[in-house]
Amino acid sequence: MNQWVRARERRAQAMRMGAGAQRLYDWLAQQRMPVMVSSAEDIDLLRKMVAAGFVTAIIPPSVMSRGSSRVEQPPAVVTALTPTGRGWRRKLYAGPAITGVTPPAQIRRTVG
């Protein structure tokens, strides 16, 4: 199998979480733990990342506000990034190896 195809497949597997999860993980990787996450959208992404084993976090359940049909989400606390999450991040940013590729100037064409 071609090295470019293998690299593309690795990136495709790693990117199934979506761009939002990548953005959140990159942001978390730059912070000191523990980190509080308060955006409802980010907490939804965090739930997926916890289920995948990329982070450990304390996510309180959503609560219905009294006298209203609104659901409120208390902030979550990310306590650590896991080795699985770090491996996922490496796969996201890993490019194919370029060793063994013949530069175009060295390719000989034979005309038959």
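Brief remarks follow.
- Scope region 33-43; condition surrounded by 16 or more Cβ atoms within 10 Å (Cβ to Cβ) and either of a type in the set (Asp, Glu) or on the phi > 0 side of the Ramachandran plot (or both); matching residues: ASP42
- Single residue of region 54-73 satisfying the filter (surrounded by 13 or more Cβ atoms within 10 Å (Cβ to Cβ) and assigned to a loop (DSSP other than H, G, I, E, B)) that is modelled with the highest pLDDT: ILE59
- Test: residue in region 79-93 that is farther than 30 Å from GLN3 by Cα, at pLDDT 85 or above and not aromatic (Phe, Trp, Tyr): yes
The values are calculated or read from the model by the stated rules, or taken from the named source; none is laboratory data. This is a predicted model, so every value here is computed, not measured. All Cβ positions, glycine included, derive from the backbone under ideal geometry; neighbour counts span all protein chains shown.
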